[in-house]
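Below: the structure, in structure tokens.
The values are calculated or read from the model by the stated rules, or taken from the named source; none is laboratory data. Everything quoted here is computed from the prediction, not taken from an experiment. FYI the Cβ positions are ideal-geometry reconstructions off the backbone, even for glycines, and counts take in every protein chain you see. Areas reflect the complete protein model, heavy atoms only, side chains present, ligands, DNA and RNA absent. Shrake-Rupley method; radii C 1.70, N 1.55, O 1.52, S 1.80 Å.
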Amino acid sequence: MALNKFFLLRAFLLNIKGQAGNNASGRFPLLRPFSLNRKGRVGSMAFGKFPLPHPFSLNMKGQAALSDSLYFLLIVSILSAFLFFFAANYGTTMQQRVEAQYWREYSTGALETILYSSTPRIAGQTLEDAPEVDYLLAAVKEDFADDSTIDETKEVLAQNIFGIMQPISTAFDYLFYIYMPDSQEFAFVMLYVREAPQITENASGEVRVTPGNAKIYFCKPPNLDSLEGLVERAGSSTQSNARIQLIELDESGNAGYFVAQANLTMWISTPLNLDGLNCEMYKEIPAEPPS
Amino acid sequence: MSKAGFLRERGFLGPIGDDLPSLIPLLFALMMFFYVFTSAWNAFDTKNSVFNDALAALNVGNAIKGNNYLRGISTFEERCSEAMSNKRVKFIAGLLPLSTGPGQSFSEVKLETLEADFFSDGEQKFFCTNIPEDSGERPSLESKGLIMRSFPVALEFKNSATGTFYVRPMLLVVVTWR
């Protein structure tokens, strides 16, 4: 029994090598029905050397082999197409994540730098020459403590924010605000947006793209939802938040401390509708003409 | 009729000749598959390399900026030596001053003059690199795979005349290449 199994296996292996004809017809005739060259009638593995006694085997063999190879070509084409598209799309998500990580680092660094920066105590002086300097955030808190508004320091703060965001301001719009969650009010909202580029065509048909001017606004939005709506309309954005503590003096001069949230949000420049945000333009920065 | 004669009559061309038409699509399919496979392999390899370089540039920037606050040249040099442990990419990094007032403006980053433009506090330049000065391995605009990243940081100064400290915003610029 074991010997028979051995012969069966040997015959099978020999058939794979295309030698089944010799062996199957000789020592192991009973094994012939199991040999591979029975299947070879419809494939290209019969080698033609030992044609089978089927009336259509010779006429059909060439066509069958050709159809086999065409099926093989079809399968390989599908696999290759799949592999090609997989390779073309490989890493797209990774690329987006690396980019997003970089912009998150940028916005976090910008927000921290805004909050760490110093300012001269006397307006008009430079940091290098001023006899007395203070943290910008300390000056903002002091300004807010007087009358619960940031008015005296808002231009200094806006200038500082603009300076820190200037390296990316040609491509990005941004929003900076200080929000008090308890009273659901804004202490400060600054919005930097760039107008849509102007596309003009002169008489000779030459198309010229002029970048839009940038505008800085101070806004008084009615609620946080209106700002969040603006950011949603802007598309993909990067946000950084920091908790700060503001002080408010009451009529008797007692200080009340409460937590506020400083937020910096940036997005790729997109023309946006600012209706409903109660924005007032602070400054317009003309675009540099294209070189 | 002999067996060979019978076969010839039925159009038998021989073991190779009979299968010759089927070999053409077979070989074509194999060639196509291996071409696409090799291209895909190269695409994976290239993209992985690009990701690793981009992450290395971020790592260099993160090592130097730390918590986005630099206490002066000593902190900068300390973090610079930390960033130099990154062996994957060659890099140059330094600080450029950002504008802080109405009369100032930030000029764009120019690769041609970047090293000269890096900020100096009068004594030392805020400049960091992991390549030797005389190796001639400085990047050019034509360099392939040049990655530039910038990060805002706060730099602390001491005014020796008045004895006051102040912090001003700076831009850390990192340029990496292979």
If the chain between residue A:255 and residue A:146 were fully extended at 0.36 nm per residue, the gain over the current Cα-Cα distance would be 38.2 nm
Buried accessible surface, A vs B, both sides, probe 1.4 Å, in Å² to 100, equals 4700
If amide H atoms are modeled at 1.01 Å from N in the peptide plane, then the residues at a separation of 5 or more from residue A:188, or on another chain, having amide H under 5 Å from its own are A:178
Buried by partner chains in the range A:109-141 (accessible area down by at least 40 Å² vs chain alone, 1.4 Å probe, heavy atoms, protein only) are A:113, A:116, A:127, A:128, A:133
In this structure, the FRET efficiency calculated for residue A:243 and residue B:148 from their beta-carbon separation, with R0 = 30 Å, to the nearest 0.05, is 0.40
One can check that the equivalent ellipsoid of the range A:98-285, built from the alpha-carbon gyration tensor with semi-axes equal to the square roots of five times its eigenvalues, has lengths in Å, largest first, of 32, 19, 16
Contact-by-burial set, the range A:165-188, min loss 10 Å², accessible area of protein heavy atoms with 1.4 Å probe, reference chain alone, gives A:166, A:167
Everything considered on the Cα gyration tensor (a ≥ b ≥ c; rounded for a/c under 1.5, else prolate if a/b is larger than b/c, else oblate), the range B:47-177 must be described as prolate
Note: probe point = Cα of residue A:184 + 7 Å toward Cβ; backbone nitrogen < 20 Å; residues of the range A:221-242 passing the test are A:221-232
Length gained, residue A:287-residue A:134, 0.36 nm per residue minus C-alpha separation, equals 51.8 nm
Rounded to whole Å², per residue accessible area for the range A:153-291 with a 1.4 Å probe reads 53
